[in-house]
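Notes follow the structure.
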Amino acid sequence: MTELLHMKDNYIREFDATVTKVGENYVVLDKTAFYPEGGGQSGDRGVLKSGAREAIVTDTQKKGGVRHILSGPPPFETGMQVHGELDWAFRHECMRYHTAQHVLSRYLQLNHGLETRGNMVKPRESRADYYPIDDFSKELIAETEKEVNEILTKNLDVRIEFMPREQAIEYLEERRYQTRYLNMVPDSVKSFRLVLIGAYDASACAGTHVANTSEIGLLTINKTKNVGAEKQRLYFSLEP
């Protein structure tokens, strides 16, 4: 198993680790700050170094540990010490977009009874699917942009907390979080990682987030798309 350093600290940019497995175009490490694609968030990019040896990480995937996908054959061997450096510009953009998506989804849940049915978080433009709704009117889009941006500019602190499974579910139910998805988590998982955005939002999430909504900037809803019965997709971007 790979120790996931980002689970406790989303701002780790560099780290040292040991190579535990070498594949045709990837390596697995005993620990990493690279986020593996999942939960709708893109996998991290960056570089791994060991002395004069260097490899570009083009993606990160969770398959039998965390695979750091490389641009070419690995120049490392099992047991070798490496130094990892994240592509911080890319990672921080993912953090901004992910936290913005949480606020957007919370607003639509509380004010319009919409449930989030999926999302894709990546720089420049992200998306989320909402149910039940047949159409996002121009008026609803304008209202959502205005209200969500007002929330983002309140400089809300974003915290990470770990809670025992039952306590976490009770805590989230009290705050009207969509807990039915948590019942799909295997019983072997005894604790949940919660992301708390001020007093506004609380959710179970393993992704990376900014420390304060002041890092996000303003949100713009670019377009919508029908993706099923009573399900609409919103595409959004953030100011640079």
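Within the range 179-219, the set of residues being more than 19 Å from the chain's Cα centre (by Cα) and at pLDDT 95 or above comprises just one member, A199.
Quick one: how many residues across the range 167-183 are charged (D, E, K, R) and either in contact with a helix residue (DSSP H, G or I) (Cβ under 9 Å, 6 or more places away or on another chain) or surrounded by 11 or more Cβ atoms within 10 Å (Cβ to Cβ) (or both)?
If we filter the range 167-183 for residues that are charged (D, E, K, R), which is where we start, we get 170, 173-176, 180.
From what is left, the residues that are either in contact with a helix residue (DSSP H, G or I) (Cβ under 9 Å, 6 or more places away or on another chain) or surrounded by 11 or more Cβ atoms within 10 Å (Cβ to Cβ) (or both) are 170, 173, 175-176.
The total comes to 4.
None of S214, S203 is of a type outside the set (F, W, Y) and not in a strand (DSSP E or B) except S214.
Within the bounds of the range 143-165, is there any residue that is under 19 Å from the mean Cα position of the chain (by Cα), assigned to a helix (DSSP H, G or I), closer than 27 Å to E37 by Cα and not β-branched (V, I, T)? Yes, the range 143-165 contains a residue that is under 19 Å from the mean Cα position of the chain (by Cα), assigned to a helix (DSSP H, G or I), closer than 27 Å to E37 by Cα and not β-branched (V, I, T).
Checked across the range 94-113, the condition of being under 30 Å from K21 (Cα atoms) and either modelled with pLDDT of 95 or more or among the charged types (D, E, K, R) (or both) holds for at least one residue. Would you point out the residue of the range 20-67, among those that are among the polar types (S, T, N, Q) and part of a strand (DSSP E or B), that is surrounded by the most Cβ atoms within 10 Å (Cβ to Cβ)? Filtering the range 20-67 for residues that are among the polar types (S, T, N, Q) and part of a strand (DSSP E or B), the one surrounded by the most Cβ atoms within 10 Å (Cβ to Cβ) comes out as T32. If you go through the range 184-200 and keep only what is surrounded by 13 or more Cβ atoms within 10 Å (Cβ to Cβ) and part of a loop (DSSP other than H, G, I, E, B), you end up with G198, Y200. From the list G118, G43, the lone residue that is under 13 Å from the mean Cα position of the chain (by Cα), more than 20 Å from T220 (Cβ to Cβ) and touching a residue at least 40 places away in the same chain (Cβ under 8 Å) is G118.
Quick one: in the range 85-104, of everything that is touching a residue at least 24 places away in the same chain (Cβ under 8 Å) and of a type in the set (A, V, I, L, M, F, W, C), which residue is surrounded by the most Cβ atoms within 10 Å (Cβ to Cβ)? Lay out the reasoning, then the answer.
First, pick out the residues of the range 85-104 that are touching a residue at least 24 places away in the same chain (Cβ under 8 Å): 85-88, 90-104.
Retained after the next criterion (residues that are of a type in the set (A, V, I, L, M, F, W, C)): 86, 88, 90, 94-95, 100, 103-104.
Values: L86: 23, W88: 15, F90: 16, C94: 23, M95: 25, A100: 28, V103: 24, L104: 25.
Looking at the filtered set, the residue picked out is A100.
Flag not set for E239, criterion: at pLDDT below 95 and farther than 23 Å from C94 by Cβ. You will find that of D87, D59, D44, the residue that is under 13 Å from L29 (Cβ atoms) and at pLDDT 95 or above is D44 and no other.
The values are calculated or read from the model by the stated rules, or taken from the named source; none is laboratory data. Computed from a prediction, not measured in an experiment: that's the story for all the values here. Virtual Cβ from ideal backbone geometry, glycine too; neighbours counted across all protein chains shown.
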